[in-house]
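**Q** Here it is, the structure in full.
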Amino acid sequence: MKVFAVLLLAAAILLLHGCGEETKSDKSEDSAIPNPMGEITKMGEIPSFMSEGLTEDEKAALKEQIMPSDVGDENIAAEKFKALMEDARAGDPVAQNGLGVMYYTGDAVSKTASGQVLNTDPELAAGWFYRAAEQGYADAQFNLGLMYANGEGVPKDMEQAVELFKKAAEQGHVDAQNNLGAMYFTGEGVARDEKKAIEWFEKAAAQGNEEARSNLDAIQQSHSK
């Protein structure tokens, strides 16, 4: 199960186009690392990129076509969660990663020691991502890298994020490749190395990643000036 979208793209493009000198205090949340989002939507929803510009009737028709018939059935959802938890506890990295997604997005309910219900639980999500990442599961390495990059559920640690993105990127994870290229380009968590940045952008672009292609185009334009 893939999880989250690309990070650092906005920062990379912003720097490449030279939009003035930028200090940490000047950075908006949009130009920093965005919250993980990407391919995961709430249960019963259709992805926003598919529904953009559609009327409510058209959205309903699309949902009817692409959604499983049991979406929204709480009993079935609970059964699926129970099965996922059993597989995760048994050591299945795919289930562990999927469980981490559910705790991150709030599709899985968790509580504090005092019984307070949490809408999302990034610490628990990071814990499950860690278990799967330790088994070499690329999606979990990528997700845990995002958690470290954002400081969600774990202390913010860009160097650790780079290491995790690198492990996922070396397995061919396209978003990790693009993110790693961006981090090499900006020098966040790793020594700045434009050559390595281009290499990783090229790997991601070869897999059809449009953000990586845009980054390569921006680098080329900056060199032609």
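Since every read-out is calculated from the coordinates, none of them should be taken as a lab result. As the structure is a computational prediction, the values presented were derived from the model and not from experiment. Every residue, glycine as well, gets a Cβ built from its backbone with ideal geometry; the counts of neighbours run over all protein chains shown.
**Q** Fewest to most neighbouring Cβ within 10 Å: what's the order for Met102, Met85?
**A** Ordered from fewest to most neighbouring Cβ atoms within 10 Å, Met102, Met85 come out as Met85, Met102.
**Q** Under the rule of at least 5 residues apart or a separate chain, name every residue whose amide H is placed under 5 Å from the amide H of Leu118.
**A** When sequence neighbours closer than 5 places are left aside, the close amide H contacts are Ser110, Lys111, Thr112.
**Q** For a quick protection proxy, order the peptides 146-155, 191-200 by their average other-Cβ count within 10 Å, most packed first.
**A** 146-155, 191-200
**Q** To the nearest 0.05, how large is the calculated FRET efficiency for Glu159 and Ala83 if R₀ is 35 Å and r is the Cβ-Cβ distance?
**A** Computed FRET efficiency for Glu159 and Ala83 comes out at 0.45.
**Q** Which value does Rg/Rh take for the range 67-225 over its C-alpha atoms, Rh per Kirkwood?
**A** In the range 67-225, Rg relative to Rh is 1.07.
**Q** For the residues Arg213, Arg131, what sequence is obtained by ranking on other C-beta atoms within 10 Å, fewest first?
**A** In order of increasing Cβ crowding within 10 Å: Arg213, Arg131.
**Q** I need Val94, Val109 ordered by Cβ neighbour count within 10 Å, fewest first.
**A** Neighbour counts put them in this order, fewest first: Val109, Val94.
**Q** Among residues other than Asp121 whose Cβ falls under 13 Å from its Cβ, what is the net charge (Lys/Arg +1, Asp/Glu -1)?
**A** -2
**Q** Between Ser224 and Thr112, how many nm apart are label points set 7 Å from Cα along the C-beta direction?
**A** Between Ser224 and Thr112, the label points sit 5.5 nm apart.
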